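Below: the structure, in structure tokens.
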Amino acid sequence: MYLLEEKYFNNKEYLLGDSVFSASSVLVPAFEKDSNSNLREENSYFNTKLAKLHIKSSNFLGLLKACKQDHSPNDDVHMHLAQPSDQPCHPTRLAE
């Protein structure tokens with residue numbers, strides 16, 4: 001996907017990544033600390049927001065994985081995620 005950016009990305013679409021990745025027209029990595037182990041305030045702010053987004057998306061994927069384990073791969077299941085997130089998901093069969 002990353003290597004075929006013209007196929008998968010439109011203007012102003014991009015991936016967020018870890019600082020081990022290099023920045024490109026479709027990848028925005030976290031900022032690395034310089035040799036003095038300092039980050040500018042706005043770079044630290046960006047990294048904090050990126051880390052929080054990573055935690056939320058990881059938790060969401062874990063929730064989906066847990067819900068899917070309750071069903072066989074051939075089940076036609078639609079996930080209803082409750083709000084707020086402290087309630088479990090409630091899978092229901094889709095009407096045929």
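Every read-out reported here was derived from the displayed coordinates using simple, explicitly stated rules and does not represent laboratory data. In this text, all values refer to a predicted model and were calculated from it rather than measured experimentally. Cβ: placed from backbone, ideal geometry, glycine included. Neighbour counts: every protein chain shown.
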Lysines near K56 by alpha-carbon distance under 17 Å, same-chain residues fewer than 8 away left out - which ones?
K65
List the lysines whose alpha-carbon lies under 22 Å from that of K49, not counting same-chain residues fewer than 8 positions away?
K12, K33
The answer for L27, listing residues at least 5 apart or on another chain whose modeled amide H is closer than 5 Å to its amide H, is L15
Everything considered on the Cα gyration tensor (a ≥ b ≥ c; rounded for a/c under 1.5, else prolate if a/b is larger than b/c, else oblate), the range 1-70 must be described as oblate
For L63 and V28, FRET efficiency with R0 = 30 Å and r from the beta-carbon atoms, rounded to 0.05?
0.70
